[in-house]
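Bear in mind that the values in this text are calculations on the coordinates, not laboratory data. Keep in mind it's a predicted model, so treat the numbers as computed, not measured. When we count neighbours, we look across all protein chains shown, and the Cβ atoms used for this are built from the backbone with ideal geometry, even at glycine.
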Amino acid sequence: MSITTFAVAGATGRLGRHVVDVLAERGHRVVPMSRATGVDIITGEGLAEALTGVEAIIDVASWHASDQEAATEFFRTSARNLQEVGQKAGVAQIAVASIIGVDKATAGFVAAKKVHEELLLSGPLPVRILRAAQFHEFVGQLLDWQQGGDVAYVPALPTQLVACRTVAEELVDLALAPDAPAPGTPVPEIAGPRRETMAEAARLVGARRGIKVVGVDGSGMPDAEIAANGGFLPGPHAKLAGPTFQEWLDAQP
Ligand SMILES: NC(=O)c1ccc[n+]([C@@H]2O[C@H](COP(=O)([O-])OP(=O)(O)OC[C@H]3O[C@@H](n4cnc5c(N)ncnc54)[C@H](OP(=O)(O)O)[C@@H]3O)[C@@H](O)[C@H]2O)c1
């Protein structure tokens with residue numbers, strides 16, 4: 001189908017602002033949805049008005065912390081509201097960003113995203129899912145969470161970081177593809193070109209901020225063993241696309 005008007009849930013977020021840019025650059029009309037733009041996808045404030053005349057939703061809204069229960073509640077409510085209010089408004093389709101490895105997760109934020117996928121898929125609107133690796137833009141956030149001090153402890157767990165701009169382009173391509181991925185085919189994945197540990201990437205950011213980054217084994221983190229065994233790395237069908245983390249960081253002001 002040919003879509004001209006998109007609503008972007010989470011339009012002001014790390015990924016959302018790139019989704020808005022990509023859509024606008026390609027000539028689509030965009031309705032940005034976040035509390036900052038007066039649309040709350042949890043309370044429903046402003047949602048019906050925002051979705052009037054919208055043909056497709058791209059859902060890149062997120063809960064701001066890693067607590068599993070609170071994140072699950074957020075995604076449960078957002079999925080229900082976007083589906084119900086979207087259907088009433090005449091929206092035809094939803095595309096959503098998820099996380100590589102959700103199918104293996106048993107705990108933490110990634111398990112909440114599994115619930116997010118399941119509830120969105122339960123309809124009524126058709127849903128297209130893109131699972132992404134952790135974002136380049138997320139590494140600095142990890143250091144921010146460890147406020148204070150000149151030493152930060154970051155898990156030395158394998159990852160294949162990807163730029164938000166790269167994810168946004170892939171998500172928009174998926175939303176605009178004439179056909180949904182065929183049933184039974186693996187959920188599309190997008191990741192960066194290079195496997196490294198989160199601690200290695202964080203060390204590069206730490207060097208810029210004057211923070212020493214110490215790699216730790218991640219035990220105590222949800223699903224650390226699955227992560228250590230590569231459970232959250234892209235599968236063989238994943239699309240891998242640059243920039244690398246180092247290239248991306250070098251381009252940051
Ligand atoms: N971070 C990663 O490394 C990563 C990796 C793979 C996939 N993902 C997925 O990608 C998506 C986007 O993640 P992100 O890191 O870009 O998130 P983010 O930077 O935390 O942005 C979250 C967005 O959601 C909006 N939002 C929060 N509560 C809302 C509400 N009640 N109503 C409307 N909007 C609300 C926020 O805007 P306001 O505060 O203005 O409401 C913001 O625009 C998420 O689904 C995440 O799971 C993330």
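Kindly state, as a whole number, the per residue volume in cubic angstrom of the convex hull around the alpha carbon atoms of the chain.
126 Å³
Identify the residues of region 1-25 with backbone N under 11 Å of a label point that sits 7 angstrom from the Cα of Asp144 along the Cα-to-Cβ direction, or state none.
13-14
Under a GNM of the chain (C-alpha, springs under 10 Å), which listed residue has the highest mean-square fluctuation: Met221, Met33, Met198?
Among Met221, Met33, Met198, the largest GNM mean-square fluctuation belongs to Met221.
Angle between the Cα long axis of helix 68-89 and the longest principal axis of the chain, 0 to 90 degrees, nearest 10?
20 degrees
Cα axis of helix 136-145 to longest principal axis of the chain: angle in degrees, 0 to 90, nearest 10?
Between helix and principal axis, roughly 70 degrees.
Quick one: if you stick a label point 7 Å off each Cα along the C-beta vector at Lys104 and Ala180, how many nm between them?
In this crude spin-label approximation the distance works out to 2.7 nm.
Can you list the HN-Hα couplings for region 39-48, worked out from phi with the Karplus curve (6.51, -1.76, 1.60; θ = phi - 60°), rounded to whole Hz and with x for Gly and Pro?
10, 10, 7, 9, 7, x, 4, x, 6, 4
What's the extension gain from His64 to Gln246 if we count 0.36 nm per residue and subtract their Cα-Cα distance?
63.0 nm
Counting pairs of alpha carbon atoms under 8 Å apart in space and at least six apart in sequence, what relative contact order in percent does the chain give?
Relative contact order comes out at 19 percent.
Percent antiparallel among DSSP beta bridges with both residues in the chain, to the nearest 5?
So the antiparallel bridges in the chain amount to around 5 percent.
Using r as the Cβ-Cβ distance of Arg209 and Ala36, and R0 as 30 Å, what FRET efficiency do you calculate, to the nearest 0.05?
Efficiency for this residue pair is about 0.70.
Taking the chain as the reference, fit the longest principal axis to its C-alpha atoms, fit the long axis of helix 198-209 to the helix C-alpha atoms, and give the angle between the two in degrees, 0 to 90, nearest 10.
Here the helix axis deviates by roughly 80 degrees.
Can you check what the Kirkwood hydrodynamic radius comes to for region 42-97, Cα pairs only, in Å to one decimal?
For region 42-97, the Kirkwood estimate is 11.8 Å.
Between Glu225 and Thr43, what is the spin-label point distance in nm, taking each point 7 Å from the Cα along the Cα→C-beta axis?
Computed distance between label sites Glu225 and Thr43 equals 4.4 nm.
Suppose only helical runs count, i.e. DSSP H with n ≥ 4. What mean residue ellipticity at 222 nm does that imply for the chain under -39500 (n - 2.57) per run, divided by all residues and rounded to the nearest 500 deg cm²/dmol?
After summing the helix terms and dividing by the residues of the chain, the value is -11500 deg cm²/dmol.
Using a simple charge model, +1 on the beta-carbon of Lys and Arg, -1 on the beta-carbon of Asp and Glu, nothing else, what dipole does the chain show about its Cα centre, in debye to the nearest 20?
240 debye
Can you tell me which lysines have their Cα less than 30 Å from the Cα of Lys88? Leave out same-chain residues fewer than eight positions away.
Hits, sequence-local ones excluded: Lys113, Lys114.
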